[in-house]
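Working notes, beginning with the structure itself.
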Amino acid sequence: MENATHESLEVYFRDIPDPCVEGRCEHLWIEVIIIAICAIITGAESWVEVETFGTLKEEWLKSFLRLPGGIPSHDTFGRIFSALDAEAFQMGFARWVEGVFRVTEGQVVAIDGKTVRRSHAKTLGKAHFG
């Protein structure tokens, strides 16, 4: 993987079926995914925070995204992610992580899925995504 080329996030998620109804979506679903991933990496913990990130970083996002409908609302993020094929998204995300991060022999990266999805927070009355 030392000579691997850097590919866009779109490459890793292109196999996910488009959940949008043709003619009814003003946003490109792949761009919604890309904005959400960027926002979550920077610490966003809710769809409102993802929308806020997108609004604050809109000019930067426009440097590599088309954004025909502007920045999606938090409700749009929620609707699109709830309509995505979760298994296909998980596979695409895993391929992206493998492609971006090289774990050397002997290193272990443990990821707790419930913590990542913040489902544990629901029991504390702090439900975020969903």
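Assorted remarks:
- Paramagnetic reach from V11 in the stretch 79-101 [backbone N under 16 Å; point 7 Å along Cα→Cβ]: 92-101
- Using a probe of 1.4 Å, the accessible surface attributed to S8 totals some 60 Å² when neighbouring protein chains are kept in position.
- Solvent-accessible surface of protein heavy atoms, probed at 1.4 angstrom with all chains present, puts F64, F93 in the order F64, F93, largest first.
- Measuring with a 1.4 angstrom probe and ignoring ligands and nucleic acids, K57 comes out at about 100 Å² accessible.
- Sequentially through the stretch 38-51, phi angles give Karplus couplings (6.51, -1.76, 1.60; θ = phi - 60°) of 4, 5, 5, 4, 8, x, 4, 10, 8, 5, 5, 5, 5, 4 Hz, Gly and Pro residues having no value and appearing as x.
- Extension gain (nm, one decimal) between S63 and D85, 0.36 nm per residue minus Cα-Cα: 5.1 nm
- By a 1.4 Å probe calculation restricted to protein chains, D75 has an accessible surface near 80 Å², given to the nearest 10.
The values are calculated or read from the model by the stated rules, or taken from the named source; none is laboratory data. If you're wondering where the values come from, they're calculated on a predicted model, not measured in any experiment. No Cβ is skipped: glycine too gets one built from the backbone with ideal geometry, and neighbour counts run over all protein chains shown. The protein model used for the area step is the full one, side chains on, heavy atoms only, and it has no ligands, DNA or RNA in it. Shrake-Rupley method; radii C 1.70, N 1.55, O 1.52, S 1.80 Å.
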